[in-house]
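The values are calculated or read from the model by the stated rules, or taken from the named source; none is laboratory data. A quick note: this is a predicted structure, and the numbers were derived from the prediction, not measured. Neighbour counts run over all protein chains shown; Cβ positions are idealised from the backbone, glycine included. Accessible surface areas use protein heavy atoms only, side chains included; no ligands, DNA or RNA. Shrake-Rupley method; radii C 1.70, N 1.55, O 1.52, S 1.80 Å.
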Amino acid sequence: MNLTIETVVKGLKQDNKIPLIISGPCSAENEDQLIETCKALAKTGKIHVLRAGIWKPRTKPGSFEGVGSVGLKWLQKAKEITGLKTTVEVANTAHVYEALKHEVDMLWIGSRTSGNPFSVQEIADSLRGVDTTVLVKNPVNPDVALWEGAIERIYKAGITKIGGIHRGFSKYGESKYRNVPQWQIPIELKRRIPELFMICDPSHICGNRELLSEIAQQALDLNFNGLMIESHINPSMALSDAKQQLTPENLEVMLNNLIVRKEKSSCKKVIDELEQLRDTINVIDEELLDLLSQRMKISDQIGKHKKRNKITILQSSRWEEILNKGIETGNQKELNKEFIVKYLTLVHQESINRQNKIINPIRS
Ligand code: PEP
Ligand code: MN
């Protein structure tokens, strides 16, 4: 898609080499909590935009669902006190109307909304003729076209200041992340829309404080233009996302420790490009190993199943099926046949070895 995207925040003189930092509480809870958090953030001198959730999309009913429009008045006050820009999540026309009435500088579309074309279109329609900035979070499901489609809907409504926010993707089963990063998806989005301003939201990827700096650094190393990180004056008392919020002081420490790469000469640019590609390879390799490990654990389960039911380890027809399917899929994905055969043979052999260990623990 060929978008003519402008500076992402109106009136913010953003030095391209410094990542845009958005921070503030997951939710505005009361006036004191919001104002105190925002004042402490402003004191760090490292924050460009204040965030606060006003209407909260919660997984289950009965959780704290946000304070509603009254929170916008507190955010407006925080903006007056600190002189910083502000952003809130909007999910429908009423939210857009309220946010604009309270002079919110940027709007973001949350991940539960960005995957719903009806809602995104409703927001887009309510933004026609408005000069504002819209950041679009990835949908919870790993669908790059759906994310791109949401951006396209906003762009077609006449909004030219658009950014993407990568906040990870839903998973089924165990993972150290609340939402798995699947970096290849934002990388692919950026390939499709090279002008897109990309922000990473480590808070919702990690779901805890411990992994935040690792993910934030990875995002900067992958050339993201900014970070959105949740902060709270008293994180353990937060009404939503208590486990992942940082105090403004700890956020400052984390930001100070991040390394921002610079581009200097044209030669350095070439080196950086190569490094970026290598970083991507590293990320994909890690994911491949993760998948391989999951695959082997399933093989172990099959081994136990075969042992219980006295079934042979090797079943030639099944191996034949894996091989043929792999060659066919590999061909569609432009992977060399010889390479696929070698790879599948190794993986299959390792599966057999593991099943053998389970079925014949003494012999193996
Ligand atoms: C949030 O930013 O507080 C939020 C609800 O995020 P997401 O839409 O990524 O879940
Ligand atoms: Mn949150």
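Overview of values
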quantity: E230 long-range amide H proximity, modeled H, under 5 Å; calculated: S203
quantity: From phi via Karplus (6.51, -1.76, 1.60), per-residue ³J(HN,Hα) for segment 128-142 in Hz, x at Gly/Pro; calculated: 4, x, 9, 9, 9, 10, 10, 9, 10, 6, 5, x, 5, 8, x
quantity: Theoretical gain in end-to-end length, K77 to A145 [0.36 nm per residue, Cα-Cα removed]; calculated: 20.7 nm
quantity: Highest-first arrangement of 273-280, 96-103, where packing means the average Cβ count within 10 Å; calculated: 96-103, 273-280
quantity: Rounded to whole Hz, the Karplus (6.51, -1.76, 1.60) HN-Hα couplings of segment 175-180, x for glycine and proline; calculated: 6, 6, 9, 5, 9, 5
quantity: Average accessible area per residue (Å²) across the chain - probe 1.4 Å, nucleic acids and ligands excluded; calculated: 53 Å²
quantity: Unit charges on C-beta of K, R, D, E only; dipole of the chain, Debye; calculated: 1080 debye
quantity: Residue (of F339, I352, Q276) at the positive-pole extreme of segment 268-359, dipole from beta-carbon charges; calculated: I352
quantity: Shape category assigned to segment 120-264 from the gyration tensor of Cα positions, a/c cut at 1.5; calculated: prolate
quantity: Accessible-area value, H48, 1.4 Å probe, nucleic acids and ligands omitted, Å²; calculated: 40 Å²
quantity: Computed over segment 268-359: relative contact order in percent, which uses C-alpha pairs under 8 Å that are six or more apart; calculated: 40 percent
quantity: Computed lengthening from Q301 to K101, 0.36 nm per intervening residue step minus Cα-Cα distance; calculated: 66.2 nm
quantity: Rounded to whole Hz, the Karplus (6.51, -1.76, 1.60) HN-Hα couplings of segment 191-206, x for glycine and proline; calculated: 5, 6, 10, x, 6, 5, 6, 10, 10, 10, 10, x, 4, 7, 6, 7
quantity: Relative contact order [Cα under 8 Å, 6+ residues apart], segment 5-257, whole percent; calculated: 20 percent
quantity: Sum of -39500 (n - 2.57) over DSSP H runs of 4+, divided by residues of the chain (222 nm, nearest 500); calculated: -16000 deg cm²/dmol
quantity: Built amide H within the under 5 Å cut-off of V88, gap 5+; calculated: M106, W108
quantity: Order by protection proxy (mean Cβ within 10 Å, highest first), peptides 328-340, 76-88; calculated: 76-88, 328-340
quantity: Shape of the chain, Cα gyration tensor, a/c cut at 1.5; calculated: prolate
quantity: Accessible-area value, C267, 1.4 Å probe, nucleic acids and ligands omitted, Å²; calculated: 80 Å²
quantity: Added length on full extension, which subtracts the Cα-Cα distance from 0.36 nm per residue, Q332 to I362; calculated: 6.5 nm
